[in-house]
Amino acid sequence: MNKWIILLCGALAGCQLSPKEEADGDACQTINLATVLDREPTGIKLDEWAKSVRFIPLETTDSVLLNAYIPQLVYFQDKLVIYNNEKIYLFNPEGKFIRMIGNRGEGPEEFLAAGNLSVDEEGIHIEDYCKWIKTYGWDGKWKRTTSVPANINIQEVLPLPDGRNIGYVQNISGKEPTRMYLFRDSTVLDSIPYARSFEPGEITMVFYSECKAFSTPSGDYVKEMFNDTIYRITKENTLVPRWVVDAGQYKMPEGGRYQLQDPRNSLFQEKKAADVNVIGNCNGLLYMTVRLNGKSYLVCYDEKDGKTESVKLPYPEHSFEFKEESTFVPRFVSEDSRYLIGYEAQENDENPVIILAER
């Protein structure tokens, strides 16, 4: 029987943990999404909700052309690193273009595809085609290439601040034995298995980005799109449940990626399920965006008091021509966890305007 393969953006179904994995780490908390999705979000102007708001229009030239969609953005020590239109750009905090980082191509110092940007004092690190991790200095020049461990099947590399990397395996067949590899440089440290298998249907969902890793002052975490659990990654290379995202009636069925009936529909639309994306931690709160029935929600969770709330954030007065009724929806968190970061395109200008909201 022929199978349909549909390419979209997202992440994969979860598994159970061993007793050893469950014994480590902080107590697991439940994030109750169902209650906030059953009501309209609280409306408050962005400048009243945030400590400060900055609008940064990006400077472009004939040789620096951006489109309206920014798949990757990192804000680090007053530097904006942006992956856009298959190129890596460096801007200053006022949006002035500084230089290109590396070049796209097949040469040893070039990259074929820049995935999962990460930065530090040394420079910019990118996953290149799931085969190499390439490092470029802040001067834009190539510094080194590290090969991903050979003979492992991964579709995504997620960097962690301590130098480890996650190699994520999509369970497209439903019967993959290995879920993730943890490796440093070219050495595999450990692997984490899938605990369940699934029988694929006639249509199988395949996603470009099935996993999200993020860091907070308390540790490093990972979440898969169709898995309700957010795991802490221990120094011993295990996964420990930290939060369970309870979407109630809006939960995606386990194994949902194999259950789509009509390839013209969105999986989440057909299942009437919530599409939950973790943005990261900012000033002690965990932020997520949720799409449900054509609506977008910004959800923040306070782990100290267990409170979950959803907000809608209209922009304050500004001089840009954003689409009517646009509201602030953060997509990234700054490296110091100080700012939530979003962007908007102007009606008569595709060049994005970056918005930094300090919490």
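The charge dipole of the chain, taken about its Cα centre with unit charges on the Cβ atoms of Lys, Arg (+1), Asp and Glu (-1) only, comes to about 600 debye.
A cut-off of 5 Å between modelled amide H atoms, ignoring neighbours fewer than 5 places along the same chain, links GLU156 with TYR168. When peptides 345-354, 315-324, 131-140 are sorted by average Cβ neighbour count within 10 Å, with the highest value leading, the order is 131-140, 345-354, 315-324. Amide H contacts under 5 Å for LEU58: ILE354, restricted to partners 5 or more places along the chain or on a different chain, H placed in the peptide plane at 1.01 Å from N. Sorted on the mean count of surrounding Cβ atoms within 10 Å across their residues, most packed first, peptides 277-283, 258-264 read 277-283, 258-264. In the structure shown, the pairs LYS141/LYS323; LYS51/LYS235; LYS79/LYS272; LYS175/LYS251; LYS131/LYS272 are assessed against 28 Å; a Cα-Cα span above that value is assigned to LYS141/LYS323; LYS51/LYS235; LYS79/LYS272; LYS131/LYS272.
The helix-only estimate of mean residue ellipticity at 222 nm for the chain, built from DSSP H runs of length n ≥ 4 each weighted as -39500 (n - 2.57), is -500 deg cm²/dmol after division by the residue total. For the chain, the equivalent ellipsoid derived from the Cα gyration tensor has semi-axes of 30, 27, 21 Å, listed largest first. For the chain, averaging the sequence separation of C-alpha pairs within contact (under 8 Å, six or more residues apart) and dividing by the residue count gives a relative contact order of 22 percent. Across q = 0.11, 0.12, 0.15 Å⁻¹, segment 226-359 modelled as identical point scatterers on its alpha-carbon atoms has Debye log10 I(q)/I(0) values of -0.52, -0.61, -0.91, in the order of the q list.
Of ASP305, ASP38, ASP47, the residue with the greatest mean-square motion in the GNM of the chain, using alpha carbon springs below 10 Å, is ASP305. In loop segments of segment 62-143 as defined by DSSP, the GluC sites (Glu not before Pro) with at most 10 further C-beta atoms inside 10 Å of their C-beta are GLU106, GLU121.
Rounded to the nearest whole Å², what accessible area per residue is found for the chain with the 1.4 Å probe? Per-residue accessible area for the chain comes out at 48 Å².
The values are calculated or read from the model by the stated rules, or taken from the named source; none is laboratory data. These figures come from a predicted structure and were not determined experimentally. We place every Cβ from the backbone using ideal geometry, glycine too, and count neighbours over all the protein chains shown. Each accessible area value is taken on the protein alone, full model and side chains, heavy atoms only, with ligands, DNA and RNA left out. Shrake-Rupley method; radii C 1.70, N 1.55, O 1.52, S 1.80 Å.
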